[in-house]
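Visitor: Submitted below is the structure of interest, expressed as structure tokens.
Please treat every number below as a calculation from the coordinates, not as lab data. None of these values were measured; they are calculated from a predicted model. Here the Cβ is made from the backbone with ideal geometry for all residues, glycine too, and neighbour counts use every protein chain on show.
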Amino acid sequence: MERTDIRAVPFSAKRSGIYPQTWGQQWMWEEVVACGPDLHHLNITNLVPVTGALTTEDVCQVLRTLVERHEVLRTTFRLGAAGEPQQVVVGHGQLFLEIYDIGRGNEEFLDGLIARMDDFRFAAEDVFPIKFCIVVRNGRPEAVVFGLFHLAADGWSLPLLFAELKDMLGFPGDPRPSAAPGGLVTQPADLALREGQSEGRERARRSLRYWMAKLPECPPAMLPDQRRVPESHRFQNLIMKSPAMTAANEVIAARYKVSPQTVTLSLAALLLAAWSGNPRSGFTLYSANRTRGLSHPSLGTLVQDVPICLDVDRATFSQVLRGAWAAALAAYRYGRYDPAAVKTAVREMRTLGRCEADLSCTLNLGMMQSNPSSPQRPRVPLSKDPADLLGLTTVSTMRGLDRDRPGRRFYLTADYFPDETWIKLRADTAVISPDDMKSFLHALESLAVQAAVDGTANREVAGKILDAYPTNRW
């Protein structure tokens, strides 16, 4: 793969300066420091088609406008002289764009370019957190491939950036003066300043009180201590793509008037409780922190995780669903917090023996979204035979990690597409074998199907389903 050209495009914006990092940036910074230098799992890559009658120069100017509009795309991150996390907004500079003319090239070229962007190493202190490549075919721009670093923007930013860029690349001639979703752009520097003022300090106090109240409820052992020799990449990644999960989620969500995210949360809580032998499930849950107001249409890392505890012992599936919905709603209210203050308070609680909570399990439940890269399968009708639903499921191994976020040993994510649900599980193989991971994914799917067919999903049923799969679990 050879570049045709590298274009240096100057940009000039109104504001520059050094600001504190937002709470979300500080939260993500901890993972960057812990996992560096191999941070490929924090890269977000996407392809946006050029649908308008734009020249390559037009596309360059679109990308310049985008970077000028969103400060976080021209921001670097560092520690200050006293060790405080900082974001450095650059007001003037050059944007280096790689241009590839693929002639009659095919999709394999694009796949290779996306894979290379997935592997790009963003150096937070001196490299902007976004990288653009312009794909040209026979002299006409066809697409923009971008790689985005998670420290600058979270997964909830991606649809906003994609929609804005798609709109700008579909308009012939000069770029529109503003295509920001909702017409409002909140810059992370402004958010950081607000977090340091009285309103932010009060929010931090409320969130800290939630943590202090919730931690004593959580079980002391969701996962055991190290019990096996880990794999070469200690943290293995598996992905299950399941049409059955989507069909089951739709039935359950309609029957109980809840979201697919609540369904997944409930099923995972039941399985974790059965797996660990606890009457309750304690874990952290990702909070998007984009409910309303200034932060909703903004690019940035606003996500943080927040503790949640669900008592599933002797509960019916309906009770588990309602409890999960209420607990998640309460947790989301306190999803934004000062991570340094929480970390200090939790450490003090543990030192004083007031907290033994095991928060090594984390759930990240994504949004409903389209999936143009996945072939559209015909809808699979639910039946009394689970095999009719499970036959199309695939489980594959993804690239692993040597290190993960401090304290995290089990990380489950869900992405909901019209034709299938993607469940990804990353786990510490010093505790959970790859076979155990695969069994957990299949058990999650089986429990969903059973809940959809006859509504019998509880802790006891979850345990029986787990026992049906070959595992080496504790």
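Visitor: Show the residues, 5+ positions off or on another chain, whose built amide H is closer than 5 Å to the amide H of residue 11.
Guide: Distant-sequence amide H within range of residue 11: 93, 94, 95.
Visitor: Determine by what factor the alpha-carbon radius of gyration of region 224-360 differs from 2.2 N^0.38 Å, reporting the quotient.
Guide: Compactness ratio reported: 1.22.
Visitor: Quick check on packing: order 202-213, 240-251 by the mean number of other C-beta atoms within 10 Å, highest mean leading.
Guide: Highest mean packing first, the order is 240-251, 202-213.
Visitor: Mind listing the phi-derived Karplus ³J(HN,Hα) values for region 113-128, rounded to whole Hz, using 6.51, -1.76 and 1.60 with θ = phi - 60°, and x for any glycine or proline?
Guide: 5, 5, 4, 5, 5, 4, 8, 4, 9, 7, 9, 4, 7, 9, 10, 4
Visitor: Lysine pairs in the chain 8 or more apart or on different chains: how many have alpha carbons under 18 angstrom apart?
Guide: Count of close lysine pairs: 6.
Visitor: Then there's this: Across region 437-450, in residue order, what do the Karplus-derived ³J(HN,Hα) couplings come to in whole Hz, using 6.51 cos²θ - 1.76 cosθ + 1.60 with θ = phi - 60° and x for Gly and Pro?
Guide: 4, 5, 4, 4, 4, 5, 5, 4, 5, 5, 5, 5, 5, 5
Visitor: Which net charge results for the neighbourhood of residue 92, defined as the other residues with beta-carbon distances under 14 angstrom from its beta-carbon, given Lys and Arg at +1 and Asp and Glu at -1?
Guide: Neighbourhood net charge equals +2.
Visitor: Return the distance in nm (one decimal) between the two label points of a simple spin-label model at residue 120 and residue 397, each offset 7 Å from Cα along Cα→Cβ.
Guide: 2.9 nm
Visitor: Under the rule of -39500 (n - 2.57) per DSSP H run of 4 or more residues, summed and divided by the residues of the chain, what mean residue ellipticity at 222 nm is obtained, to the nearest 500 deg cm²/dmol?
Guide: -11500 deg cm²/dmol
Visitor: Spin-label point model (7 Å from Cα, Cβ direction): what's the residue 456 to residue 333 distance in nm?
Guide: Label-label distance for residue 456 and residue 333, simple model: 3.8 nm.
Visitor: Right, here's the next one. Output needed: percent of Cα pairs per 5 Å distance bin for region 14-135, bins running from 0 to the one holding the longest distance.
Guide: Percent of Cα pairs in each bin: 2, 9, 18, 20, 18, 15, 9, 6, 3, 1, 0.
Visitor: Something else: In whole Hz, with x marking every Gly and Pro, tabulate ³J(HN,Hα) for region 240-250 from phi via Karplus 6.51 cos²θ - 1.76 cosθ + 1.60, θ = phi - 60°.
Guide: Residue by residue, region 240-250 yields 10, 10, 10, x, 4, 5, 5, 4, 5, 4, 4 Hz.
Visitor: Taking only the C-alpha atoms, wrap a convex hull around the chain and report its volume per residue in Å³ as a whole number. List each step's numbers first, then the result.
Guide: Details: hull volume 73.5 nm³, N = 474.
It comes to 155 Å³ per residue, whole-number rounded.
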